[in-house]
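S.K.: Here it is: the structure, laid out below.
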Amino acid sequence: MSVTSVPRALTIAGSDSGGGAGIQADLKTFQELDVYGMSAITAVTVQNTLGVHGVYPLPSSAAAEQIEAVGSDIGVNALKIGMLFSPDIIRTVAEQIRRYDWDQVVVDPVMIAKGGAELLRTEAVQALKSELLPLALVVTPNIPEAEVLAGMNIRSMQDRREAARCIHDLGAKIVVIKGGHAMDMEDEVIDLIYDGTMFTELTGKWVKTVHTHGTGCTFSAAITAELAKGMSPMEAITSGRAFIQAAIEDGLNLGQGHGPTNHFAYRRRHQEVHS
Ligand code: PXL
């Protein structure tokens with residue numbers, strides 16, 4: 001592969017000093033999947049495995065200028081959106097995506113951290129729905145996020161399908177409702193995918209672990225990397241699912257609280273198979 005054809009992905013998200021979520025998880029995941037990673041940082045969080053100890057949002061102009069810097073020069077094959085925090089940042093990011101006409105956009109609708117820290121202001125939910133979801137090729141809510149976006153409670157698989165339809169109606173082309181927060185889970189996690197026509201269920205083994213910090217970021221980053229390389233959305237989602245499954249199963253056991261997933265795991269397993 002010539003140097004100029006390397007697939008390139010951009011993450012527009014918050015920084016996690018602990019390295020398990022946010023920009024750090026995204027860039028590690030891009031790298032592991034052979035994709036050149038770039039970032040536009042929207043906020044700096046002070047974090048370790050014990051929780052979020054501070055949130056410092058950047059001015060929306062900082063996000064706009066970072067996106068412009070890479071968009072006008074290096075180019076972007078696919079991008080993902082994580083923590084955006086304020087309505088102002090959401091509007092600015094949406095404006096830049098429209099301006100560059102980027103269509104391989106993965107939106108992870110990050111709202112709150114595991115310990116309850118607010119990563120998206122309540123008043124920003126409306127902007128996320130009206131400005132950003134119409135630009136999304138893939139949106140990856142967990143169940144609590146899907147409840148907020150769809151405006152309904154989710155208890156059953158039937159509820160999940162209804163919520164997926166509502167979120168699709170907001171303009172996202174492919175909706176992936178992740179099953180990791182389901183209440184009725186036994187030993188399987190079911191992710192539900194809806195493309196406006198068909199429902200598909202991806203089933204994975206439930207892993208009993210506290211080290212799940214940054215799972216959503218890592219999953220959506222893996223999907224973005226695969227899209228950047230030219231996979232179809234369904235292929236990218238399936239591959240992203242395998243990446244996060246390996247990352248959760250082979251935990252690193254770091255820190256005293258909710259530790260990160262293992263971003264090396266997927267590549268190392270593949271190397272073992274091929275060596
Ligand atoms: O996983 C959601 C998330 C996204 N982005 C940042 C985070 C977190 C969770 O803590 O810190 C920066």
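The values are calculated or read from the model by the stated rules, or taken from the named source; none is laboratory data. Given the structure is predicted, the values throughout are model-derived calculations rather than measurements. Cβ atoms come from the backbone with ideal geometry, glycine included; neighbour counts cover every protein chain shown.
S.K.: Taking GLY230 as meeting all but one of (1) surrounded by fewer than 21 Cβ atoms within 10 Å (Cβ to Cβ); (2) within 15 Å of the ligand (Cβ to nearest atom); (3) closer than 22 Å to ALA9 by Cβ; (4) not aromatic (Phe, Trp, Tyr), write down the number of the exception.
M.R.: Going through (1) surrounded by fewer than 21 Cβ atoms within 10 Å (Cβ to Cβ); (2) within 15 Å of the ligand (Cβ to nearest atom); (3) closer than 22 Å to ALA9 by Cβ; (4) not aromatic (Phe, Trp, Tyr) one by one, GLY230 breaks only (2).
S.K.: Among (1) in a loop (DSSP other than H, G, I, E, B); (2) buried (at least 18 other Cβ atoms within 10 Å of the Cβ); (3) touching a His at 6+ places or on another chain (Cβ under 6 Å), where does VAL175 come up short?
M.R.: Tallying (1) in a loop (DSSP other than H, G, I, E, B); (2) buried (at least 18 other Cβ atoms within 10 Å of the Cβ); (3) touching a His at 6+ places or on another chain (Cβ under 6 Å), VAL175 fails exactly one: (1).
S.K.: Restricting attention to region 186-203, does a residue exist that is closer than 16 Å to GLY82 by Cα and more than 16 Å from the ligand (Cβ to nearest atom)?
M.R.: No; the residues of region 186-203 include none that is closer than 16 Å to GLY82 by Cα and more than 16 Å from the ligand (Cβ to nearest atom).
S.K.: Among the residues of region 179-197, are any surrounded by 18 or more Cβ atoms within 10 Å (Cβ to Cβ), at pLDDT below 95, of a type in the set (A, V, I, L, M, F, W, C) and outside any strand (DSSP E or B)?
M.R.: So far as region 179-197 goes, yes, one or more of its residues are surrounded by 18 or more Cβ atoms within 10 Å (Cβ to Cβ), at pLDDT below 95, of a type in the set (A, V, I, L, M, F, W, C) and outside any strand (DSSP E or B).
S.K.: Could you say whether any residue in region 58-70 is of a type in the set (D, E, K, R) and in contact with a Pro (Cβ under 9 Å, 6 or more places away or on another chain)?
M.R.: Within region 58-70 (the criterion being of a type in the set (D, E, K, R) and in contact with a Pro (Cβ under 9 Å, 6 or more places away or on another chain)), the answer is no, since none of the residues qualifies.
S.K.: Under 9 Å by Cβ, and 6 or more places apart or on different chains, what pairs join a residue from region 200-221 that is over 24 Å from MET38 (Cα atoms) and basic (Lys, Arg) with one that is away from the ligand (no atom under 14 Å from the Cβ) and in a helix (DSSP H, G or I)?
M.R.: Final answer for the pair search is LYS205/GLN245; LYS205/GLU249.
S.K.: Then there is this: Within region 88-111, track down each residue that is crowded, with 19+ Cβ neighbours inside 10 Å, in contact (Cβ under 8 Å) with a residue 40 or more places away in the chain and either assigned to a helix (DSSP H, G or I) or of a type in the set (Asp, Glu) (or both).
M.R.: ILE89, ILE90, VAL93, ALA94, ASP108 - these are the residues of region 88-111 that are crowded, with 19+ Cβ neighbours inside 10 Å, in contact (Cβ under 8 Å) with a residue 40 or more places away in the chain and either assigned to a helix (DSSP H, G or I) or of a type in the set (Asp, Glu) (or both).
S.K.: Scanning for something buried (at least 20 other Cβ atoms within 10 Å of the Cβ) and of a type in the set (Lys, Arg), does region 120-138 turn up at least one residue?
M.R.: yes
S.K.: Given (1) modelled with pLDDT of 95 or more; (2) surrounded by fewer than 19 Cβ atoms within 10 Å (Cβ to Cβ), where does LYS114 come up short, assuming only one miss?
M.R.: (1) is the only condition that LYS114 fails.
S.K.: A further question on this structure: Can you name the number of the only condition in (1) among the aliphatic types (A, V, I, L, M); (2) crowded, with 18+ Cβ neighbours inside 10 Å; (3) more than 22 Å from SER239 (Cβ to Cβ) that MET152 fails?
M.R.: Failing condition for MET152: (2).
S.K.: I'd like the residue in region 1-41 that is acidic (Asp, Glu) and either more than 16 Å from the ligand (Cβ to nearest atom) or not in a helix (DSSP H, G or I) (or both) and, out of all such residues, is surrounded by the fewest Cβ atoms within 10 Å (Cβ to Cβ). Working first, answer last.
M.R.: Quick first cut of region 1-41, residues acidic (Asp, Glu) only: 16, 26, 32, 34.
Imposing the further condition that a residue be either more than 16 Å from the ligand (Cβ to nearest atom) or not in a helix (DSSP H, G or I) (or both) reduces the set to 16, 32, 34.
On the way: ASP16: 26, GLU32: 22, ASP34: 13.
Applying the filter and picking the extreme gives ASP34.
S.K.: Which count do you get for residues in region 26-38 that are in contact with a strand residue (DSSP E or B) (Cβ under 7 Å, 6 or more places away or on another chain) and over 12 Å from LYS229 (Cβ atoms)?
M.R.: Qualifying residue count, region 26-38: 5.
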